[in-house]
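To start, the structure itself, in structure tokens.
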Amino acid sequence: MIKDILVSLSVGEGVDATKDYAVSAAAALGAHLTAVAVSYDIDIPPVYTEAFSTDFLEAQRAEGQRLAKLAVERFGEAARAVGITPEVRSIDGTPGGAAEQIGAMARLFDLTIVGQSDPERMGPEEVIAEAVLFESGRSVLLVPRKQQKPFAARRILVAWDGGRAAARAVAEARALVEKAELVEVAVVETGKSKPGRLAGADLAEHLARHDKNVELRRLVPASDEGIVDVLLKEIAERDIDLVVMGGYGHSRLREFVLGGVTRDMLERMTVPLLLAH
């Protein structure tokens, strides 16, 4: 059961779709909701420290605190609107340092929700998502920047390649899968089979034993389509609420590296995406 949710608040002047989605998820699941807001410090290499005046650094710190306070206020308003009483935690640090703290914090939550990063605006969301994915041992639920619908898990698509990460994602999503009316196991036929991979039919049979309505669909890309192209088309045509997939990549010496399919999906996602590693 999902009874304890953590959400990383987007800090900035723009619309934060993530907070609204997280609030609706907590209300729908009857879960406690904790928000973390970061007052960001600018990350200056020591060799350049003397190039910035004390007044400039103080002004940047004050602006970071103002934006974090604004994010908390907006979150509080959204929570009160649906009648839930959340918890708020505030931390200070550089984007990398804050991401590391949130990644560790996420170890003690059933689910951590983070917003999709904006390629047109430098932000910490992608670093936070990767920290949760690689450092927490738990799943991360990514919310599209333009998400308008509240939380729903009525129709779930599992992007299945038979690997360990995908199996981990299915296990992490178990509480959501149990509530779904339809679970679609989508296998993209790339023509490249790997030893030790479990077939989609095996997963469908396993989920069916949990009394779920499971549909196995084998998706064949056109010559000019990639894996993500096929998945996005399927999501739209099948009115999918949420996607479950493995987060492919590795973490090496605190440097987060995501695989091509994962990164492409993170950039182009159209519905919330639950990733596990």
Residues of the range 133-143 satisfying the condition of being open to solvent by 40 Å² or more (accessible area, probe 1.4 Å) and part of a loop (DSSP other than H, G, I, E, B): Gly137, Arg138
Hits in the range 187-205 (condition: more than 18 Å from Ser139 (Cβ to Cβ), open to solvent by less than 70 Å² (accessible area, probe 1.4 Å) and either in contact with a strand residue (DSSP E or B) (Cβ under 7 Å, 6 or more places away or on another chain) or at pLDDT 90 or above (or both)): Val187, Val188, Gly200, Ala201, Ala204
Flag for Leu216 being in contact with a strand residue (DSSP E or B) (Cβ under 7 Å, 6 or more places away or on another chain) and open to solvent by less than 20 Å² (accessible area, probe 1.4 Å): no
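Results for (1) of a type in the set (A, V, I, L, M, F, W, C); (2) open to solvent by 70 Å² or more (accessible area, probe 1.4 Å); (3) part of a loop (DSSP other than H, G, I, E, B); (4) more than 30 Å from Thr94 (Cβ to Cβ), shown as yes or no for each residue.
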{"position": "Arg145", "(1), (2), (3), (4)": "no, yes, yes, no"}
{"position": "Val228", "(1), (2), (3), (4)": "yes, no, no, yes"}
{"position": "Leu231", "(1), (2), (3), (4)": "yes, no, no, yes"}
{"position": "Met245", "(1), (2), (3), (4)": "yes, no, no, no"}
Positions within the range 15-24 being in contact (Cβ under 8 Å) with a residue 12 or more places away in the chain and more than 25 Å from Arg174 (Cα to Cα), in sequence order: Asp16
Test for Tyr40: is it modelled with pLDDT of 95 or more and either polar (S, T, N, Q) or closer than 17 Å to Ile128 by Cβ (or both): no
Residue match in the range 118-132 (condition: within 12 Å of the chain's Cα centre (by Cα), under 26 Å from Lys179 (Cβ atoms), touching a residue at least 24 places away in the same chain (Cβ under 8 Å) and crowded, with 18+ Cβ neighbours inside 10 Å): yes
Identity of the residue in the range 160-185, of a type in the set (Lys, Arg) and closer than 16 Å to His210 by Cβ, that ends up most open to solvent (accessible area, probe 1.4 Å): Lys179
Residues of the range 21-44 that turn out to be of a type in the set (A, V, I, L, M, F, W, C) and not in a strand (DSSP E or B), as a count: 10
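For Phe151, indicate whether it is part of a loop (DSSP other than H, G, I, E, B), on the phi < 0 side of the Ramachandran plot and surrounded by 22 or more Cβ atoms within 10 Å (Cβ to Cβ).
On the way: part of a loop (DSSP other than H, G, I, E, B): yes; on the phi < 0 side of the Ramachandran plot: yes; surrounded by 22 or more Cβ atoms within 10 Å (Cβ to Cβ): yes.
Taking the combined requirement at face value, the residue satisfies it.
Given the condition among the hydrophobic types (A, V, I, L, M, F, W, C), in a loop (DSSP other than H, G, I, E, B) and farther than 22 Å from Arg263 by Cβ, answer yes or no: does some residue in the range 158-181 qualify? Don't jump to the end; show me each part of the working.
Applying the first criterion (among the hydrophobic types (A, V, I, L, M, F, W, C)) to the range 158-181 yields 158-160, 165-167, 169-171, 173, 175-177, 180.
Narrowing the set further to residues that are in a loop (DSSP other than H, G, I, E, B) leaves 160, 173, 180.
In the following step, the residues that additionally are farther than 22 Å from Arg263 by Cβ were identified as 180.
Checking the range 158-181: at least one residue is among the hydrophobic types (A, V, I, L, M, F, W, C), in a loop (DSSP other than H, G, I, E, B) and farther than 22 Å from Arg263 by Cβ.
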Members of the range 1-20 that are buried (at least 24 other Cβ atoms within 10 Å of the Cβ) and assigned to a helix (DSSP H, G or I): Thr18, Lys19
Residues satisfying the stated conditions in the range 71-117, i.e. open to solvent by less than 80 Å² (accessible area, probe 1.4 Å), in contact (Cβ under 8 Å) with a residue 60 or more places away in the chain and closer than 20 Å to Ala173 by Cα: Met105, Ala106, Phe109, Asp110, Leu111, Thr112, Ile113, Val114, Gly115, Gln116
Residues of the range 1-31 satisfying the condition of being closer than 20 Å to Gln101 by Cα and touching a helix residue (DSSP H, G or I) at 6+ places or on another chain (Cβ under 8 Å): Asp4, Ile5, Leu6, Val7, Ser8, Leu9, Ser10, Val11, Gly12, Lys19
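The values are calculated or read from the model by the stated rules, or taken from the named source; none is laboratory data. Note that the structure is predicted; figures quoted are calculated from it, not measured. Quick reminder, even Gly has a Cβ in these numbers, built from the backbone with ideal geometry, and neighbours come from all protein chains shown. Quick note on the areas: whole protein, heavy atoms, side chains included, nothing else; ligands and nucleic acids left out. Shrake-Rupley method; radii C 1.70, N 1.55, O 1.52, S 1.80 Å.
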